[in-house]
1. First measure r as the distance between the Cβ atoms of residue 319 and residue 480, then evaluate 1/(1 + (r/R0)^6) with R0 = 41 Å and state the FRET efficiency to the nearest 0.05.
2. Can you give the Rg and Dmax of the stretch 101-487 based on its C-alpha atoms, in angstrom?
3. By average Cβ neighbour count within 10 Å, what is the ranking of 418-430, 220-232 from highest down?
4. Report the gain in length on full extension from residue 368 to residue 145: 0.36 nm times residue separation, minus Cα-Cα distance, nm rounded to one decimal.
5. At 0.36 nm per residue, and after removing the present C-alpha to C-alpha distance, how many nm does the segment from residue 118 to residue 227 gain when stretched out fully?
6. Among 188-195, 141-148, how do they line up by average Cβ neighbours within 10 Å per residue, starting with the highest?
7. Using only C-alpha atoms and all pairs of different ones, pull out the Kirkwood radius for the stretch 186-255 in Å with one decimal.
8. Using only the alpha carbons of the stretch 315-469, determine the length spanned along each of the three principal axes and report them from longest to shortest in whole angstroms.
């Protein structure tokens, strides 16, 4: 009886916060499931309530001698059947409220790293080369979303990435990239955020708060064979970030289709004492991100996107896993353009440009140097270009496979916030040249395979690292890979 009343209370809460009106209710009451299904649940609950009341009366009569003791097992069985029915109703209500989807990927890589530099115990540099063949990994993701009300939507993703039979303790991954890093089988929150469409706002306004959709941005969806996954262009920012974003709709004011201005704030590092999370015992300043993005459709180009970006990272630390000092600020500027199925030819194309400018504060990390310098004193500027094409082959018997080519180049002082790169190497942070070719073979609507080859020719050391002066290098990395990806 108590369980039934509890369920009715929960159902009432769902009614109060839902989004579809139903017939016969009080004014303003809503539910999140179709009207017919909701009414059927109510009818079933009424019948169950009457049956429970009857059983309670029989149980009382049994205690007072009005019913034979043999009736007790039957009453118990009836009650258990009612509770089983309630379990089914509760499950259906949950599924109608939250949508779930999953992804499973396996990948095998074959690396050849040539002329990389390492240092011995005395600090003397040496060159070496290495093969890593038959290197397997797996990735699982659980995606979820819910329409909470007309103005509120929830999105989430849990992620596990694992190298096969890897027993090493992960040492590199932090809050910025843990969901993308291959570590153990721990489940990580890659994203969990709410979109709030602000009602009665004088301008179209949306607020996004929580763990942001800030990974695998444009144009990564081309090689991943899916829709756009992130707000921010991948060349500038690809990281798992907690923050809040305000989006102002501009289409009605400037006439550019799907245009908007995003103003973002996020955290890159926050120091605290685990016993008192408001206490900072290290004396370090937090790393904060402020950013602005204007985006919209390229005028007169269908299925297109343009994004103009500015990002400022304040008080960057030397190492989020064991920070000892702040090293300065970093500015990033970017322009991204892309278009899909250009003139209905099956060709997709994109180009991204980025520029970074450092503001070191004079601090130096032990054995690593300052911000893009050895002494932490001079401002440095870097730049990068990233471009590519993808073509859908009109071969229906093969489910219209796709071929793609990508190229990117980074200068000596190029640095970008892309530590959550979906690739096992952070190719967009490269100080040098990257050539990437791939073939996508759809096997059915839920499963595809991709085979590809990536070659990286490094011109300077420490790609993807913001500490120390980048120096000349002859290092190169090549990778031939194959993956299977299932989404449902």
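All of the numbers you see were taken from the coordinates with simple rules; none came from a lab. This structure is a prediction, so every number in the text was calculated from the model and none was measured. Positions of Cβ are backbone-derived with ideal geometry, glycine not excepted, and every protein chain shown enters the neighbour counts.
1. 0.80
2. 21.2, 67
3. My ranking of the peptides, most packed first, is 418-430, 220-232.
4. That works out to 76.0 nm of additional length.
5. 35.2 nm is the gain from fully extending residue 118 to residue 227.
6. Top of the packing list down: 188-195, 141-148.
7. Taking the inverse mean of 1/r over all distinct Cα pairs, the stretch 186-255 comes out at 13.6 Å.
8. Projected onto its principal axes, the Cα set of the stretch 315-469 covers 61, 29, 25 Å.
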